[in-house]
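Reviewing the structure listed below.
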Amino acid sequence: MNLDDSFVTLFLSIIILCFAIAILKSIVKIVPQSEEWTVLRLGKFEKILTSGIHVIVPFIERVDRKISTKETVVEVSDLTAFSKDNASVKVSANIFFKIVDAKKACYDVQDLQKTLETIVSTNLRTLVGSLTVEDLMSKRDTINQGVLTIVNEASEQWGVKVLRVELQNMELPQKLTEAMHRQMEADREKRQAIIEAEGERQSTIEKAEGQKQEAILKAQAEKERVVLEAEAEKQQLILKAEAERQQAFLQAEAKERLAQAEAKSVEMISAAIKQGELSALNYDIAQKYTAALQAIGESENAKVVLLPNEFSKLSGSIAGISEIFQEMKK
């Protein structure tokens with residue numbers, strides 16, 4: 001075998017190897033993660049290849065579209081719309097979506113992203129036109145949710161799931177912006193005035209309430225003082241009455257004992273007289289006579305005290321009385 005034949009053989013081997021590699025590559029398909037490939041057979045949709053290794057029929061089947069199933073963002077910028085109060089507004093928004101049906105996304109709509117932009121723009125203009133500028137500034141979440149609901153209903157037929165719509169920017173005419181700033185400043189001053197007035201009102205109420213509580217406490221203290229004084233006076237009267245009752249009881253008891261003693265004395269004197277002993281009678285008469293003279297002398301109204309000329313006559317009087325008692329005894 002000469003050199004030319006060896007060269008021809010090597011050349012043919014390389015051609016056959018390249019052809020075999022090309023055939024193998026057209027048969028075996030490796031789909032990356034988060035992608036889906038559509039396959040056409042003779043120009044007609046056949047199947048979808050998900051991530052992994054797949055085999056297709058060479059020359060009859062071919063991969064047509066490679067679709068990403070990751071979340072995708074489409075930006076709608078500088079969209080001009082008019083609010084309910086005829087203010088010109090420039091709106092920018094982002095659309096976050098993902099493809100859930102590769103067949104519909106590839107063959108049921110011409111340009112998916114362009115179509116989504118158009119739907120979002122149309123519905124944004126509609127929503128902006130139904131709201132005032134003040135509402136646009138304060139109801140972004142409402143606008144986002146409204147656009148999301150409408151776009152999801154429309155895009156479902158294209159195998160797309162819109163995850164969220166976010167308004168990024170709203171630009172108003174400069175004059176309107178300045179007017180809104182002035183309005184906001186006036187509103188802040190108004191709220192500040194209301195807060196200050198409310199604070200003063202609350203302070204006045206608290207002050208009046210404090211004075212009321214102070215008056216109540218003073219009245220309560222005065223009431224308690226009066227009650228305590230009355231209670232003390234009551235206790236004093238009770239104690240005084242109790243003392244007077246005790247005193248009256250003691251006086252009565254003393255009088256009773258004195259009467260008992262007098263009765264006992266009379267009884268003893270009578271017994272002594274019956275036995276002829278007059279010394280006890282004489283002693284009793286003398287004691288009473290002396291006590292009577294002492295009482296007359298101690299009386300404040302007594303100015304003159306009359307006594308017998310001779311105090312010795314007292315014994316004579318006593319002797320006379322004794323004789324009388326003796327005659328009575330006989």
**Item:** Within region 155-177, considering residues that are among the hydrophobic types (A, V, I, L, M, F, W, C) and at pLDDT 80 or above, the one surrounded by the fewest Cβ atoms within 10 Å (Cβ to Cβ)
**Value:** 163
**Message:** Taking the criterion of being out of contact with any helix residue (DSSP H, G or I) (no Cβ under 7 Å at 6 or more places or on another chain), surrounded by 12 or more Cβ atoms within 10 Å (Cβ to Cβ) and free of Cβ contacts under 8 Å to residues at least 40 places away in the same chain, would at least one residue in region 9-17 satisfy it?
**Reply:** no
**Message:** Can you go through 143, 150, 99 and tell me which one is touching a helix residue (DSSP H, G or I) at 6+ places or on another chain (Cβ under 6 Å) and at pLDDT 90 or above?
**Reply:** 99
**Asked** Any idea which of 156, 200 is in a helix (DSSP H, G or I), farther than 24 Å from residue 78 by Cβ and assigned by the TED database to the domain that holds residue 74?
**Response** 156
**Request:** Go through (1) within 30 Å of residue 93 (Cβ to Cβ); (2) part of a helix (DSSP H, G or I) and name the single condition residue 166 misses.
**Result:** (2)
**Complete:** The correct count of residues that are surrounded by 16 or more Cβ atoms within 10 Å (Cβ to Cβ) and either outside the structural domain of residue 116 (by the TED database) or closer than 13 Å to residue 163 by Cα (or both) in region 133-145 is 1
**Asked** Can we say residue 192 is out of contact with any Phe, Trp or Tyr (no Cβ under 6 Å at 6 or more places or on another chain), polar (S, T, N, Q), farther than 22 Å from residue 144 by Cβ and surrounded by fewer than 10 Cβ atoms within 10 Å (Cβ to Cβ)?
**Response** no
**Request:** Only strands (runs of 3 or more DSSP E) wholly contained in region 1-116 count here; list those with 1 or more residues that are closer than 30 Å to residue 135 by Cβ and in contact with a Lys or Arg (Cβ under 6 Å, 6 or more places away or on another chain).
**Result:** 72-82, 88-99
**Prompt:** Do we find that residue 28 is in contact with a His (Cβ under 8 Å, 6 or more places away or on another chain), more than 17 Å from residue 103 (Cβ to Cβ) and surrounded by 11 or more Cβ atoms within 10 Å (Cβ to Cβ) in this structure?
**Reply:** yes
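The values are calculated or read from the model by the stated rules, or taken from the named source; none is laboratory data. Every value quoted in this text rests on a predicted model; they were computed, and no experiment measured them. No Cβ is skipped: glycine too gets one built from the backbone with ideal geometry, and neighbour counts run over all protein chains shown.
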